[in-house]
Amino acid sequence: MVIKNMAIKVSIVIPMYNSENTIRRCLDSIFESFNNQIEIIVIDDCSTDNSSKIVSKEYGSVKLIKNYHNMGPSFSRNIGILKAQGEYVGFVDSDDFVAQDYCIKLLEYTFFDNDIIVYNFINRKRISKAFPSEKEKRILFFIENDLFGFTCNKLIKKELLIKNKIEFPISQNLCEDQKFYFDIFKITNDIRYVNYPLYNYVIHSNSLCHKKNSLIDYEIAYKQKKDFFYETNLIFTSNGFKIFSDFCIDFLFLINFQKDNIIYKDAMFLKKSISIKKKIKYFIKKLFNK
């Protein structure tokens with residue numbers, strides 16, 4: 001008797017560039033709970049090491065796609081979304097790894113049929129607060145608990161992305177993950193949060209938070225967040241206004257208090273709303289910069 005393969009429920013997209021030292025750990029962790037309802041797509045972005053050979057020779061069930069444009073992870077993720085056959089799309093970075101029951105849990109979550117499923121990180125403290133029902137409070141919950149602007153702790157319905165033409169911005173150098181999820185959270189409140197750790201995010205010295213960006217990069221990322229807070233009415237809530245004010249001062253630190261730009265002007269306007277903790281950090285920074 002021939003048993004037909006079950007329909008693919010989840011496509012896991014992995015952008016890869018020169019990851020020969022980490023790709024085995026990444027894929028092995030996914031295969032701990034892999035089954036035929038899961039599809040793994042690796043997008044090789046012009047690697048010059050043995051990454052591609054490792055995937056093709058050692059992981060026959062992985063769909064390996066060669067991307068010859070060398071345009072970064074956002075471009076690769078967009079290719080993965082288009083190629084995905086699953087009802088849901090999830091993302092894993094080639095230098096990270098996942099929990100032993102990762103695939104089992106992802107398949108479990110798809111039965112709820114939500115547009116977005118958000119889950120926790122392995123290497124972070126478990127969140128004790130209850131997940132709110134109101135859209136504005138839900139978004140603030142993710143932002144406050146540092147779960148919002150990450151690519152790899154979410155499952156998204158592919159149909160939602162294709163229908164609304166949502167993709168990662170390939171020309172943006174900073175917070176492109178954030179922009180992707182701003183576009184998603186603007187159009188749906190069908191979100192499920194699962195307080196369960198599934199993803200291990202590995203921080204490296206060459207990650208974006210350690211790279212130097214231009215003032216223009218920071219202004220673009222800042223304006224996107226500002227627009228999102230206004231378009232979703234978060235700015236008109238007391239907690240939302242407070243969170244945005246603190247975010248503004250954080251970006252002011254990143255641009256090293258440069259003047260004559262939107263971030264500095266907004267920070268000066270919002271100073272009264274900035275938390276005491278941020279104000280102390282602000283004045284210490286100003287003191288030692290003199």
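Out of the residues in region 29-52 that are open to solvent by 20 Å² or more (accessible area, probe 1.4 Å) and touching a residue at least 40 places away in the same chain (Cβ under 8 Å), which is farthest from Phe97 (Cα to Cα)?
The qualifying residue farthest from Phe97 (Cα to Cα) is Gln37.
Right, Asn35: under 22 Å from Asn153 (Cα atoms) and modelled with pLDDT under 95 or not?
When the stated conditions are applied, Asn35 passes them.
Out of all the residues in region 145-177, which are basic (Lys, Arg) and either closer than 21 Å to Tyr102 by Cα or surrounded by 18 or more Cβ atoms within 10 Å (Cβ to Cβ) (or both)?
Lys154, Lys157, Lys158, listed by residue number.
Pull out all pairs, ordered by first then second residue, where Cβ-Cβ is under 8 Å, the residues are six or more apart or on different chains, the first lies in region 101-119 and is under 16 Å from Asn195 (Cα atoms), and the second is in a helix (DSSP H, G or I) and among the hydroxyl-bearing types (Ser, Thr, Tyr).
Tyr102/Ser29; Ile117/Tyr109; Ile117/Thr110; Tyr119/Tyr109
Scan region 210-224 and give yes if some residue there is closer than 27 Å to Asn153 by Cα, free of Cβ contacts under 8 Å to residues at least 24 places away in the same chain and either open to solvent by less than 30 Å² (accessible area, probe 1.4 Å) or of a type in the set (Asp, Glu) (or both), otherwise no.
No - not one qualifying residue is present in region 210-224.
Mind listing whichever residues of region 79-93 are open to solvent by 10 Å² or more (accessible area, probe 1.4 Å) and in contact with a strand residue (DSSP E or B) (Cβ under 9 Å, 6 or more places away or on another chain)?
Ile79, Lys83, Gln85, Glu87, Asp93
Give the residues of region 53-71 that are open to solvent by less than 20 Å² (accessible area, probe 1.4 Å) and either polar (S, T, N, Q) or closer than 12 Å to Tyr17 by Cβ (or both), sorted by residue number.
Scanning region 53-71 gives a single hit, Asn67.
Could you count how many residues in region 94-114 are open to solvent by less than 30 Å² (accessible area, probe 1.4 Å) and part of a loop (DSSP other than H, G, I, E, B)?
4
Rundown of residues vs (1) outside any loop (DSSP other than H, G, I, E, B); (2) at pLDDT below 90; (3) open to solvent by 30 Å² or more (accessible area, probe 1.4 Å); (4) touching a His at 6+ places or on another chain (Cβ under 9 Å), yes/no style:
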| site | (1), (2), (3), (4) |
| --- | --- |
| Phe229 | yes, no, no, no |
| Phe257 | no, yes, no, no |
| Lys279 | yes, yes, yes, no |
| Phe283 | yes, yes, yes, no |
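State all residues of region 118-141 that are open to solvent by less than 20 Å² (accessible area, probe 1.4 Å) and within 27 Å of Tyr17 (Cα to Cα); if no residue qualifies, say none.
Hits for region 118-141 are Val118, Tyr119, Asn120, Phe121.
Which condition number in (1) touching a residue at least 24 places away in the same chain (Cβ under 8 Å); (2) closer than 26 Å to Ile122 by Cβ is the one that Asn173 fails?
(2)
When the residues of region 266-277 are narrowed to those that are at pLDDT 65 or above and surrounded by fewer than 12 Cβ atoms within 10 Å (Cβ to Cβ), which ends up farthest from Ala221 (Cα to Cα)?
Of everything passing the filter in region 266-277, Ile276 is farthest from Ala221 (Cα to Cα).
The values are calculated or read from the model by the stated rules, or taken from the named source; none is laboratory data. On a predicted model such as this, the values are computed, not experimentally measured, just so you know. With ideal geometry, Cβ positions are generated from the backbone for all residues, glycine too; neighbour counts draw on all protein chains shown. Just so you know, the surface numbers come from the protein's heavy atoms only, side chains and all, with ligands and any DNA or RNA stripped out. Shrake-Rupley method; radii C 1.70, N 1.55, O 1.52, S 1.80 Å.
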